[in-house]
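See below for the structure under consideration.
The values are calculated or read from the model by the stated rules, or taken from the named source; none is laboratory data. Keep in mind that what you see is a predicted model, and the values were worked out from it rather than measured. No Cβ is skipped: glycine too gets one built from the backbone with ideal geometry, and neighbour counts run over all protein chains shown. With ligands, DNA and RNA removed, areas are computed over all heavy atoms of the protein, side chains included. Shrake-Rupley method; radii C 1.70, N 1.55, O 1.52, S 1.80 Å.
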Amino acid sequence: MKQLSLLLTTCLLISACDLTVSDDRTAGEYLSGVMDPRHGKPGAPVVIEYSVPKQFQIGNSATVELRFQSATAAGLAMVSLHTGDGLNLLQDASFEFTLNQQQQPLSVAIEAVTNGRHYLNILVREFDENGKALLGRSFSVPIQVGQPQEKPQTKQKVAEDGERRIIEMISK
Amino acid sequence: MLLRHRAILRLWLVLLLAVPASAGALQNIAAVLPSIICLLLCDELPDDSTAPALQNRGGTTTLAVNQAAAPINFTNNGGGILSDCTVSPPLPAGLSVSVSANGATCRISGTPTETVAAASYTITATNASGSDQATIMIEVLAGFPVSGRALFERVPTRTGPTQLDYDAIVAMPIRRATVQLLDSNGAVIDTTQSDDNGDYAFSVNPNQAVRVRVLAELLSETGPQQYEVVVVDNTDADSLYSLTEGSATLASARAVRDLTAGSGWDLSADAYTMPRASAPFALLDSVYEAMQDFMQVDANIDFPFLQINWSVNNRTTFGDESIGEIGTSFYSADNIFILGAADSDTDEFDDHVVIHEWGHYFEDNTSRSDSIGGPHGADDRLDMRVAFGEGFGNALSGIITDDPLYIDTAGPGQAFGFPLDVDNNSVTNPGWYNESSVQAILYDLYDSEDDGPDTVSLGLAPLYQILIDEQKNTPVFTSIFSFISALKADNAGQASAINQLVNDQSINGTNIDEQGSAETNSAGVANVLPIYTPLTVDGAAVNVCTIANFNNGGDINKLSNTRYLTFTTPSLNEYTVTATRTSSNYGVTDPDIFVFEKGVLRILSISPDANTESATAALNAGPHVMGMQEFNVVGQSGSNTTACFDVTVSTAP
């Protein structure tokens, strides 16, 4: 662990680089991770731990376990959940918890609609004790439905003529 | 003599060939040669029994120097075969008039070799039955002008509620972008740059099929103020975004070619249903705005290469960046990554977010930042290096846009979000360790509005001067102390007003120096002050303690996770630095040592050895700063998290 952390520490000291804290741990049929975006753009000081089924099938439902923790000492956090086309949310899309720097668990029931890599999108908004809006933060928990698709072969960054590849978008 | 039958003409041909060659005979053959050719190829024999009746050509025919002109034919309603075509006055050099191959009309062809102003030319067509004339206006330009304006659709942010405002989309110029002219095979035949209005112009062969393409690129490779910025898709092999016409069309058929990068938003569907072409150009524009402000205060500033990575797949998942799982918008090593997943979190139109990240790039390349990065929040008590770096980014976003309201939108329809007022002086946990205090001070130093303790209006230039000079070269760590002490020295007349601003954030501005020697704000806990502990080479050990009182768990960038020391080496020599645990209330410690000389890392000693750390290295003569960090604080938080160490620096034997 010191070796990985050594790299992180070195990285930290040399430049203001990405301190991604995403530690995917596979335990049986579940995949766990930690999402800590606080090294990037400003936002609510929230970290989410998640545990999702490693994969499940169309038509089946599953439970995503979430644990929220905010560094904000007091107030209220409002959470809204939404999914893309590949998943259905099987419960209320809103949730709130008291901010007290303690972990807040939440179980989210979802249903798989189509195969693919989908995301449970989470929007957190914090308010102080007087109801004044503070900062917010968004997260996306990855959820695999069906077998993972083979990743396409990585394209070379340079085209055959030696120039950078260009994406052309047509003018209105 | 009228000849109508092939058989008869063949007989004549045989007879002519049988006649001994003479000048007269040859002339006769030449005169009827067109007829002979047509006889062999045409269904009917050519007819010069009607006089020509040429039609004038309307408008002005525009040609380009050194560009072969497509043949210009005159309509001959007379129908008769022509024997001669002449022109008056003479055509522009390189052009000529002749009878067309089928004898039916007059034709102008050739390659003009010089520019000529528009003028009228009279063509005379003649055959045995008579003659007729027609006129044509011709001009020869250096090239045929193809020009236009490149625009992108910006979706503005709004508050009340905070969101992207798709009802207020505005077309804005794509400024200083590389504009290419392509032929019908997609080969680049010319390159230019749009101006600040988005206008561009080419000069081209009017008869060539071309299309215009605008790259999401800013490029200046010569002269002062050089820069290179590209916007690429990190989920598609870092391919460069561009905006183009649908197909190549004849240059002369379409002289004015305006291009617009659409937002992709469909108001009726209340969703993105079309390509989000404007996003890369919105990013480019925000960065150009920042660069332009600095270019206006420094005529010689250069900006090193910057790559902005954006994709519709970039989302708030940590994972594989090549599929867009970038976690958040952030800066790292000359790359800015920006979120783009619709209905989750998009930042391409949140210009304050983009400029905040660009601020890290600016510090990294043009100024200096000793920030160690890591998790940070508005009310956190941070390592002072992090507090300055993050506060600077926030303040800069307000400075560049001249709008202190930092807005970040997200959620379904991008209809959610939050504002952050960087001009807000009411800060929770104010101090030299708080990014909110730093941003409030920096923004107030810049802006022209007096509010609360703010009576300073320096503008950007004085701040920039400190960033590229004293802050960049400070012998201690970059912080609000190194910045403000230098700013006051450079702007002595504003010292009192600067003090007021700084004091208002619970920082001792009145007696400030680069080391914060006179600072008394300890955040209410022990083992925070002094900010720098002096160390003597070959002297007695000094004892410093780290704490984790302000940690949130899993971080190492909070106040007093690292303690700072200063020492001066008398000569270039090898020196040994050592930290040894003397006490802790949470068990085994793992001290690490970092020694810097003016921001340059000289010693990095981060072994996993328990309770001690030591390293020997050559150091120049002069001042150095040391960071003594307790690595195991990563797993600690709250009070009762103190670890103390004896630190020495000695000349190596």
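Entry for chain B at q = 0.06, 0.07, 0.08, 0.11 Å⁻¹: log10 I(q)/I(0) = -0.52, -0.62, -0.73, -1.10, Debye formula applied to identical alpha-carbon scatterers, no solvent contribution. I'd like the distance between the alpha-carbon centres of region B:144-189 and region B:438-481, rounded to an integer number of Å. Cα centres, region B:144-189 to region B:438-481: 34 Å. Compared with the dominant Cα axis of chain B, that is its longest principal axis, helix B:384-401 is turned about 40°.
You can think of it this way: the chain between B:GLN296 and B:ASN620 has 112.9 nm of extra reach, that is 0.36 nm per residue less the Cα-Cα gap. Any chance you could give the angle, 0 to 90 degrees and rounded to 10, that helix B:278-297 forms with the longest Cα principal axis of chain B? Value to nearest ten degrees: 70.
Where nothing but the Cβ of Lys and Arg (+1) and of Asp and Glu (-1) is charged, how large is the charge dipole of region B:200-256 around its Cα centre, in debye to the nearest 20?
Numbers: 3 positive and 7 negative charges, 91 e Å.
In debye, rounded to 20, region B:200-256 gives about 440.
With contacts taken as Cα pairs under 8 Å and at least 6 residues apart, chain B reaches a relative contact order of 8 percent. Look at the dipole of chain B built from charges on Cβ: of B:GLY524, B:THR562, B:PRO462, the Cα furthest out on the positive end belongs to B:PRO462.
Of the residues in region B:352-397, those shielded by at least 30 Å² of accessible area once partner protein chains are present, compared with the chain alone at a 1.4 Å probe, are B:SER371, B:ILE372, B:GLY374, B:PRO375, B:HIS376.
Using a probe radius of 1.4 Å on protein heavy atoms only, what is the accessible area buried between chains A and B, both sides summed, to the nearest 100 Å²?
Working: alone 11820 and 27000 Å², together 33220 Å².
Adding both sides of the contact gives about 5600 Å².
Per residue, how much accessible area does region B:60-141 show when a 1.4 Å probe rolls over the protein heavy atoms, in square angstrom? Intermediate results must be reported in sequence, preceding the final value.
Values: 3520 Å² over 82 residues.
I get 43 Å² per residue for region B:60-141.
Of the residues B:SER120, B:SER614, B:ILE189, the one whose Cα sits farthest towards the positive end of the charge dipole of chain B is B:SER120 (charges of +1 on Lys and Arg Cβ, -1 on Asp and Glu Cβ, taken about the Cα centre).
For region A:104-125, heavy-atom accessible area (probe 1.4 Å) falls by no less than 50 Å² from the chain alone to the full protein assembly at A:TYR119, A:LEU123. Counts of other chain beta carbons within 10 angstrom of each beta carbon in peptide B:307-319 average 4.
Quick one: angle between helix B:6-18 and the longest Cα principal axis of chain B, in degrees between 0 and 90, rounded to 10, please. Taking the Cα atoms of chain B, the angle to B:6-18 is about 80 degrees. Take each peptide in B:465-471, A:126-132, count the other Cβ atoms within 10 Å of every residue, and average; sorted highest first, the result is B:465-471, A:126-132. Summary of the geometry: region A:37-109 and region B:624-653, compared by the centres of their Cα atoms, lie 36 Å apart.
Working from label points 7 Å from Cα in the Cα-to-Cβ sense, the A:GLN149 to A:ALA74 distance is 5.0 nm.
For the residues of B:229-241, the average number of beta carbons from a partner chain within 10 Å of their own beta carbon is 3. The GluC sites (Glu not before Pro) found in region B:196-242 that occupy coil by DSSP, while having at most 16 further C-beta atoms within 10 Å, are B:GLU221.
Hey, which aspartates and glutamates would be in cross-link range of A:LYS172, C-alpha to C-alpha under 15 Å, not counting anything within fewer than 8 residues on its own chain? The reachable aspartates and glutamates, counting only those whose Cα sits under 15 Å from A:LYS172, are B:GLU153, B:GLU245, B:ASP258, B:ASP266.
Summary value for region B:148-366: 18 percent relative contact order, contacts being C-alpha pairs under 8 angstrom separated by 6+ residues.
What part of the accessible area of region B:148-366, given as a whole %, is carbon or sulfur when the probe is 1.4 angstrom? In region B:148-366, the share of accessible area belonging to carbon and sulfur is 43 percent.
With the charge dipole of region B:148-366 set up from +1 on Lys and Arg Cβ and -1 on Asp and Glu Cβ about the Cα centre, the Cα lying farthest toward the positive end among the listed residues B:TYR241, B:ALA255, B:PHE303 is that of B:ALA255.
Any idea what the relative contact order of region B:517-653 is, in percent, if you count C-alpha pairs under 8 Å spaced at least 6 apart? It would help to have the intermediate numbers written out before the result.
Details: 351 pairs, mean separation 50.1, N = 137.
Relative contact order of region B:517-653: 37 percent.
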